[in-house]
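The values are calculated or read from the model by the stated rules, or taken from the named source; none is laboratory data. Treat the numbers as computed from the prediction; the structure is a model and nothing was measured. Cβ coordinates were reconstructed from backbone atoms using ideal geometry, including for glycine residues, and neighbour counts include every protein chain displayed. Ligands, DNA and RNA are stripped out before the accessible areas are found, and what is left, the full protein with its side chains, is counted by its heavy atoms. Shrake-Rupley method; radii C 1.70, N 1.55, O 1.52, S 1.80 Å.
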Amino acid sequence: MKLFTAFRVLLGATVLCLSAPAVQAQAYPSRPITIVIGYPPGGGADSIARLIGSQLAEVSDQSVIVDNRGGFSGNIGAAFAAKAAPDGYTLLVAPTTTYRINGILYGSKVGYDLEKDFTPVTLLGIQPMVLMVNPHLPVDNVAGLLDYAKSHKLSYGSTGVGSLEHIAAELFFKPVPGGAMHVPYRGAGPAIVDLMGGQIDVLFATAPTVVSNKDSGRIKGLMVTTAERNPALPTLPTPKEAGLASYDVVSTYSLLVPSGTPKDVLEKLNTLAVKALQTPKTIETFGFMGVQPQPTSLAEAKERLTKEYARWAVVIDENGIKAE
């Protein structure tokens, strides 16, 4: 009898231990979640992180804290998140296009491996680049700009060598013999000021930068870089409409977690994140920012990012873009 009782106690303890991970996953999230963003407050990436954080808090009924860890083109924050415990309580809102480019250009210096150290939960959205020119430039469309560039040495700004703005311009001016002169800046703000002042002729920038300045009369938009027109800038043509059918440069934002996060937690987090992307607040705010929501399953997120990562490696290699 004593042996039977001892066996029952042992069996019960074993069942309890085996079921603990499932109970833990079902209870997720049971404490505050932290979203790391590798940029200082106030920028586009920070705005996206805070919006997603607020809506994730709504749908999960749990507090969400945004932790800004800016520096080194976002890499300091990403490296910090990569080393966090893989338990679903530390997330990274990542401009994955930029991070992939950083990894190619700087290698191990970034402090993490985007593909090995992180698992995608969902894509968050895609944000177009917008081609802008100084309004005094005698062009009104993309074809006119490319023709003008063939007989005039133009300059374009970017947020640094290897930035998405830099690559967007390099691809755009590739048909022009000799291209255009690259003028790197420390951020989009100084670059757009110089575009308005005529110190540079051309600038590719993200949609929010353009939206906030479109009524000033000091910039002229010529094209968005997405396959569809952007609701925030409905009069600007797509590359195909502008005569550049193969041109494709967009900034992808994703929600990532450290690799090794349990599958059950990933699935619950994906469900919550997709709900957060579908709230009226997210849709409205993303629309104003020019961001197109991209809720995806775990498998879809992995597949799409794998393709994107491979594509940028080819683009950088073919265009000979190097880090400074």
Checklist entry - Which of the following residues is open to solvent by less than 10 Å² (accessible area, probe 1.4 Å) and of a type in the set (S, T, N, Q): SER163, SER158? => result SER158
Next on the checklist: Suppose the filter is open to solvent by less than 20 Å² (accessible area, probe 1.4 Å), more than 27 Å from ALA313 (Cα to Cα) and touching a strand residue (DSSP E or B) at 6+ places or on another chain (Cβ under 7 Å); does LEU256 pass it?
Outcome noted: no
Next on the checklist: If a residue must be of a type in the set (Ser, Thr, Tyr) and open to solvent by less than 30 Å² (accessible area, probe 1.4 Å), how many such residues does the range 294-311 contain?
Outcome noted: 2
Next on the checklist: at pLDDT 75 or above, surrounded by 16 or more Cβ atoms within 10 Å (Cβ to Cβ), out of contact with any strand residue (DSSP E or B) (no Cβ under 6 Å at 6 or more places or on another chain) and not in a loop (DSSP other than H, G, I, E, B): is that true of GLY70 in this structure?
Outcome noted: no
Checklist entry - Which members of the range 230-243 meet the condition of being in a strand (DSSP E or B) and of a type in the set (S, T, N, Q)? => result ASN230
Next on the checklist: Kindly evaluate VAL121 against the criterion of being buried (at least 24 other Cβ atoms within 10 Å of the Cβ), at pLDDT 95 or above and of a type outside the set (Ser, Thr, Tyr).
Outcome noted: yes
Next on the checklist: Of everything in the range 31-59, what is polar (S, T, N, Q) and either open to solvent by 80 Å² or more (accessible area, probe 1.4 Å) or at pLDDT 95 or above (or both)? Give them in sequence order.
Outcome noted: THR34, SER54, GLN55
Checklist entry - Which residues, taken from the range 141-179, are in a loop (DSSP other than H, G, I, E, B) and in contact (Cβ under 8 Å) with a residue 60 or more places away in the chain? => result ASN141, GLY160, VAL161, GLY162, SER163, LYS174
Checklist entry - In the range 135-147, is there at least one residue being in contact with an Asp or Glu (Cβ under 7 Å, 6 or more places away or on another chain), open to solvent by less than 30 Å² (accessible area, probe 1.4 Å) and either farther than 27 Å from PRO95 by Cβ or among the aliphatic types (A, V, I, L, M) (or both)? => result yes
Item to check | From VAL291, VAL314, residue being under 14 Å from the mean Cα position of the chain (by Cα) and either within 26 Å of LYS174 (Cα to Cα) or open to solvent by less than 60 Å² (accessible area, probe 1.4 Å) (or both) | outcome: VAL291
Checklist outcome for this item: Taking the range 244-276 and keeping only residues that are in a loop (DSSP other than H, G, I, E, B) and at pLDDT below 95, one is left with LEU244, ALA245, SER246, TYR247, ASP248, VAL249
Item to check | Hey, ALA78 out of contact with any Leu (no Cβ under 7 Å at 6 or more places or on another chain) and either at pLDDT 95 or above or open to solvent by less than 50 Å² (accessible area, probe 1.4 Å) (or both) or not | outcome: no
Item to check | the range 89-106 - residue that is of a type in the set (A, V, I, L, M) and in a helix (DSSP H, G or I) and, of those, surrounded by the most Cβ atoms within 10 Å (Cβ to Cβ) | outcome: ILE101
Checklist entry - Out of all the residues in the range 279-288, which are part of a helix (DSSP H, G or I) and either open to solvent by less than 40 Å² (accessible area, probe 1.4 Å) or touching a residue at least 24 places away in the same chain (Cβ under 8 Å) (or both)? => result LYS281, THR282, THR285, PHE286, GLY287, PHE288
